[in-house]
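Let me begin by presenting the structure, written as structure tokens, before commenting on it.
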Amino acid sequence: MKLSIIGVPTYYGCDNDGTQYSPEKLRNANIIKLIKDNGEIEVADLGDIDVIEMMEKDKFKNEKNIKYFESIYDLNLKLSKAVDDAMDNSDFTLILGGDHGIGLGSITGASKHSQNLGVVWIDAHGDFNTSATSPSKNFHGMPLAYLCGQGDSRLVNLYYEGVKIKEENVFHIGGRDIDEGEQKLIDNSKVNFYDKKVIDKIGLEDVVDDIIRKCREQELDGLHISLDIDFMDKFIVEGTGTRVAGGYTVEDTKYILRRLMGIGIVKSMDFVEFNPRLDVNDNTLEVCKDLLSYFGQILKTKELVLC
Ligand SMILES: [Mn+2]
């Protein structure tokens, strides 16, 4: 098993200083060693994407509807290529954000490695705004819509011409803070949307069962997991910028990862929105370490009989 790791030190998509320190903080906390554990995984740390720095006063300079547009466009283009190349040379690629705006580049790169890619977006927020519906104009609330072909054609056609992911191949889990215009876009889409109401009603187990069944029915040959740590409850993850009550536990998150990775088509994953500057006593760092170490254990388990 060969694992590639790419860091994306940016906060431009959330406009909340601190997420750019996440890759460094995680590396310094020895997450590569934690993932490797007994050495069965060969890890290639490919370093960080080079992010163009922008001044705060220039954030709306050339695009009034998306903050820090130039840097966001550039880093996602570089990330698309980096993930595409990494996936050529490894079995699994892990992308460490940064804010969730990096999902555009990581999934664009991953989309080159499947005929029919699925995406599981684990998040308290929809991330399905376009620049027209977004109240904040922060790009981290938008990447999923652009990946599905909505909004500004410069971002939709990033890296290569065309829509990157079919709406019906998107599985969103954990939504509980959705903007009004965004909800309309979701309702009018074919995205599979398992929000808090659905999860409370049928439970996480049935949600994951449903996703796995659809992966088979729709004959997906690749699955990308995009994990925003704000999926977890606000009291569990102090070190993230947009915390929402009524969230889920570390065990819930591990359960989803274990089940999904068990079906054998997951080849890439984002780990985003950890903000070391907001963390209290490294509590959230410990949560991240626990999750990434668990992720390493799943990677090492060759034969999973979990579905
Ligand atoms: Mn998100």
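The values are calculated or read from the model by the stated rules, or taken from the named source; none is laboratory data. What you see is a predicted model; the values in this text were computed from it and never measured. A quick note on method: Cβ atoms are made from the backbone with ideal geometry, for glycine too, and the neighbour counts reach across all protein chains shown. These area figures cover heavy atoms from the full protein model, side chains too; ligands, DNA and RNA do not enter into them. Shrake-Rupley method; radii C 1.70, N 1.55, O 1.52, S 1.80 Å.
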* Structure fact -> Counting only helices (runs of 4 or more DSSP H) entirely within the stretch 113-215, those with at least 3 residues that are touching a strand residue (DSSP E or B) at 6+ places or on another chain (Cβ under 9 Å) and open to solvent by less than 10 Å² (accessible area, probe 1.4 Å) are 143-147
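Could you run through the stretch 227-268 and say how many residues are polar (S, T, N, Q) and either more than 16 Å from the ligand (Cβ to nearest atom) or open to solvent by 40 Å² or more (accessible area, probe 1.4 Å) (or both)? Outline the logic, then answer.
First, the residues of the stretch 227-268 that are polar (S, T, N, Q): 240, 242, 249, 253, 268.
Filter again for either more than 16 Å from the ligand (Cβ to nearest atom) or open to solvent by 40 Å² or more (accessible area, probe 1.4 Å) (or both), leaving 242, 249, 268.
The number of residues fulfilling the criteria is 3.
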* Asked: Yes or no: LEU147 among the aliphatic types (A, V, I, L, M) and away from the ligand (no atom under 16 Å from the Cβ)?
  -> no
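Counting only residues that are of a type in the set (Val, Ile, Thr) and within 13 Å of the ligand (Cβ to nearest atom), how many does the stretch 98-142 have?
Initially, the stretch 98-142 is screened for residues of a type in the set (Val, Ile, Thr), giving 102, 107-108, 119-120, 122, 130, 133.
If we keep only those that are within 13 Å of the ligand (Cβ to nearest atom) too, we end up with 102, 107, 119-120, 122.
Number satisfying all stated conditions: 5.
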* Structure fact -> Cβ pairs under 8 Å, 6+ apart or interchain, first in the stretch 221-235 and in contact (Cβ under 8 Å) with a residue 12 or more places away in the chain, second more than 9 Å from the ligand (Cβ to nearest atom) and among the aromatic types (Phe, Trp, Tyr), ordered by first then second residue, are LEU227/PHE271; ILE229/PHE271; ILE229/PHE274; PHE231/TYR248; MET232/TYR248; ASP233/TYR248
* Where a residue in the stretch 161-185 is in contact (Cβ under 8 Å) with a residue 12 or more places away in the chain and its partner, wherever it lies, is among the aromatic types (Phe, Trp, Tyr), with Cβ under 6 Å and at least six apart -> HIS172/TRP121; HIS172/PHE193; ILE173/TYR194; GLY174/PHE231; GLU182/PHE128; LEU185/PHE128
* Can you name every residue in the stretch 65-109 that is assigned to a loop (DSSP other than H, G, I, E, B) and buried (at least 20 other Cβ atoms within 10 Å of the Cβ)? -> ILE66, LYS67, TYR68, SER90, GLY98, ASP99
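Quick one: which of VAL208, VAL198, VAL163 is β-branched (Val, Ile, Thr) and in contact with a Lys or Arg (Cβ under 8 Å, 6 or more places away or on another chain)? Break it down stepwise before answering.
Details: VAL198 fails: in contact with a Lys or Arg (Cβ under 8 Å, 6 or more places away or on another chain); VAL163 fails: in contact with a Lys or Arg (Cβ under 8 Å, 6 or more places away or on another chain).
Criteria check complete, one pass: VAL208.
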* To do: Please name all residue pairs, on different chains or six or more residues apart, with Cβ atoms under 7 Å, provided the first residue is in the stretch 33-50 and is under 15 Å from SER90 (Cα atoms) and the second residue is open to solvent by 20 Å² or more (accessible area, probe 1.4 Å) and part of a strand (DSSP E or B).
  => LYS36/VAL43; GLU42/LYS2; ALA44/LYS2
* Hey, could you check the stretch 42-62 for residues that are over 29 Å from MET87 (Cβ atoms) and modelled with pLDDT under 95 and say which is surrounded by the most Cβ atoms within 10 Å (Cβ to Cβ)? => LYS61
* **Residues that are aliphatic (A, V, I, L, M) and farther than 23 Å from TYR12 by Cβ, drawn from the stretch 32-87** => ILE32, LEU34, ILE35, ILE41, VAL43, ALA44, MET87
